[in-house]
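Read through the structure below, which is laid out as structure tokens, and then see the notes.
The values are calculated or read from the model by the stated rules, or taken from the named source; none is laboratory data. The structure presented is a predicted model; accordingly, all values stated were derived computationally and were not measured. Cβ placement follows ideal geometry from the backbone for every residue including glycine, while neighbour counts extend to all protein chains displayed. For the accessible areas, the whole protein counts, side chains as well, though only heavy atoms, and no ligand, DNA or RNA atoms are used. Shrake-Rupley method; radii C 1.70, N 1.55, O 1.52, S 1.80 Å.
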Amino acid sequence: HAKEQGRATFEFFTRELNKRAYERLSTETHLRGALANDELQLVYQPIVEPQSGRIRAAEALLRWNSPVLGRVSPEQFIPVAEQSGLIVEIGHWVIETALMQLASWKRLGMKNLMVCVNVSAVQFWRGNLMQSIQQSLASSGLSGRDLEIELTENVIMSDVDKARTVLNQLRPLGVRLAIDDFGTGYSSLSYLKQFKVDHLKIDKSFVRDLKTDSDDAAIVSAVLSMAQDLHVQVIAEGVENAEQLAFLTDRNCDFIQGYFFSRPLPPNDLMRLWARTNR
Ligand code: C2E
Ligand code: MG
Ligand code: MG
Ligand code: MG
């Protein structure tokens with residue numbers, strides 16, 4: 001009995017493992033052709049100054065619509081892109097596309113807008129980030145000050161000396177740095193400060209339950225007051241309602257991002273929104 005049960009359990013796990021391995025492989029196979037087949041798109045989520053209601057920046061976020069797999073979320077395909085190394089090529093496309101989009105927005109009169117792009121660990125360490133950024137700045141005709149890269153604290157903490165070298169190369173270009181998902185990793189703000197962080201993005205998991213979870217409220221308050229002391233501006237992610245917004249503005253949070261203001265939008269929709277908020 002025990003033996004049979006053991007075997008059944010074993011077969012269950014093997015099936016589960018096979019299923020997962022298969023899904024991963026299938027995602028990778030289809031992702032391989034995604035760029036060439038025009039299946040990837042960028043949407044842009046506004047980052048807003050709460051006092052004025054003006055859009056100051058737009059975060060580029062990847063969307064993948066596969067003819068075979070349908071819509072696949074970045075939470076699912078980014079890890080696969082990282083493990084397979086495809087992220088280097090995709091990441092370059094993201095930087096180039098976002099900068100070309102910003103250049104075209106600027107030609108249409110959208111001033112004082114910056115684009116933010118997410119840079120994954122593999123792209124930061126293995127891809128030629130510096131070259132990728134320089135090339136995209138040249139083809140779009142923009143300045144490094146028009147671009148902010150978002151890195152998670154864990155990427156920097158995994159090799160602080162090497163991270164410093166990479167970031168020091170980017171600094172003369174004027175490229176800005178944001179720490180994404182802040183609070184989910186293991187670093188401290190005072191330590192990160194040495195990397196000349198421009199913006200700290202409080203992870204949406206802390207913002208979600210601000211109203212009901214007194215620990216989250218205390219963490220967010222502490223991060224905001226420490227960031228102010230250290231002269232680092234804060235962006236709160238995942239702001240979905242007026243209560244969260246009030247909590248954050250009461251504590252002088254510099255910028256907000258979230259569904260309460262806008263979902264990530266295709267370029268034309270962002271332009272229409274900008275025309276209402278920034279004119
Ligand atoms: P992230 O960089 O932290 O991006 C914020 C995520 O929160 C986005 O999810 C956005 O759509 C979502 N979000 C924004 N406002 C709200 C809100 O009010 N409520 C809730 N519940 N969610 C909100 P998305 O687009 O699914 O992207 C997920 C993650 O995938 C990103 O997290 C980022 O880590 C990664 N990602 C997306 N695009 C890229 C990319 O071009 N390159 C790399 N390396 N990673 C990317
Ligand atoms: Mg981000
Ligand atoms: Mg984030
Ligand atoms: Mg995230």
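Its convex hull of Cα atoms gives the stretch 1-64 a direction-averaged projected area, equal to a quarter of the hull surface, of 8.0 nm². For the set Lys19/Lys193; Lys162/Lys201; Lys19/Lys162; Lys106/Lys204; Lys162/Lys211, the pairs lying more than 32 angstrom apart at their alpha carbons are Lys19/Lys193; Lys19/Lys162; Lys162/Lys211. For the chain, relative contact order (Cα pairs under 8 Å, six or more residues apart, normalised by length) works out to 18 percent. Helix 74-84 against the longest principal axis of the chain: what's the angle in degrees, Cα atoms only, rounded to the nearest 10? On a 0 to 90 degree scale, this one is about 70.
Of the Cα atoms belonging to the stretch 213-267, the radius of gyration and Dmax stand at 12.0, 38 Å. Share of carbon and sulfur in the accessible area of the stretch 1-40 stands at 56%, probe radius 1.4 Å.
For the charge dipole of the chain, defined by +1 on Lys and Arg C-beta atoms and -1 on Asp and Glu C-beta atoms about the Cα centroid, which residue among Met110, Leu42, Ala236 has the Cα displaced farthest towards the positive pole? Highest projection toward the positive end goes to Met110.
Averaging Cα coordinates gives a centre for the stretch 135-208 and one for the stretch 211-270; these two points are 18 Å apart. Taking chymotrypsin sites (Phe, Trp or Tyr not before Pro) in DSSP loop conformation with at most 14 other Cβ atoms inside 10 Å as exposed sites, the chain has its longest uninterrupted site-free stretch at 1-185. Surface composition of the stretch 179-279: carbon and sulfur atoms hold 50% of the protein heavy-atom accessible area at a 1.4 Å probe. For the chain, the alpha-carbon coordinates run over 70, 47, 41 Å along the three principal axes, in decreasing order.
Using a 1.4 angstrom probe on heavy atoms only, work out the carbon and sulfur share of the accessible area of the stretch 76-154 in %. Don't jump to the answer; show the numbers that get you there.
Working: 1610 of 3150 Å².
Using a 1.4 Å probe with all protein chains present, the stretch 76-154 comes out at 51 percent carbon and sulfur.
When the chain is described by a simple charge dipole with +1 on each Lys and Arg Cβ and -1 on each Asp and Glu Cβ, the residue from Ala246, Thr9, Gln131 located farthest towards its positive end is Gln131. By how many degrees, 0 to 90 and rounded to 10, does the Cα axis of helix 87-107 deviate from the longest principal axis of the chain? On a 0 to 90 degree scale, this one is about 30.
From the Cα gyration tensor of the stretch 141-216, with a ≥ b ≥ c the square roots of its eigenvalues, which class applies: rounded if a/c is under 1.5, or else prolate if a/b is larger than b/c, or else oblate? Cα axes put the stretch 141-216 in the oblate bin. Loop-located GluC sites (Glu not before Pro) in the stretch 183-266 (DSSP state not H, G, I, E or B) with no more than 16 neighbouring Cβ atoms inside 10 Å: Glu240.
The length gained by stretching the chain between Lys19 and Ala246 to full extension, at 0.36 nm per residue less their Cα-Cα distance, is 77.2 nm. Two numbers describe the Cα atoms of the stretch 149-279: Rg and Dmax, which are 15.8, 45 Å. Counting Lys and Arg as +1 and Asp and Glu as -1, what is the net charge of the other residues whose Cβ lies under 11 Å from the Cβ of Val239? Taking every other residue near Val239 into account, the sum is -1.
Site pair Tyr186 and Gln233 shows an inter-label distance of 3.2 nm when each label is modelled 7 Å from Cα along Cα→Cβ. Computed from backbone phi with θ = phi - 60° and the Karplus coefficients 6.51, -1.76 and 1.60, the 3J(HN,Hα) list for the stretch 44-53 is 10, 9, x, 10, 10, 8, x, 4, 8, x Hz; x is used for glycine and proline. Heavy atoms of the protein chains alone define the surface here; on that basis the chain has 52 Å² accessible area per residue at 1.4 Å probe size. Here the chain is treated with +1 on each Lys and Arg Cβ and -1 on each Asp and Glu Cβ, and its dipole about the Cα centre works out to around 740 debye. When shorter helices are ignored and each DSSP H run of at least 4 residues is given -39500 (n - 2.57), the per-residue value for the chain at 222 nm works out to -15500 deg cm²/dmol.
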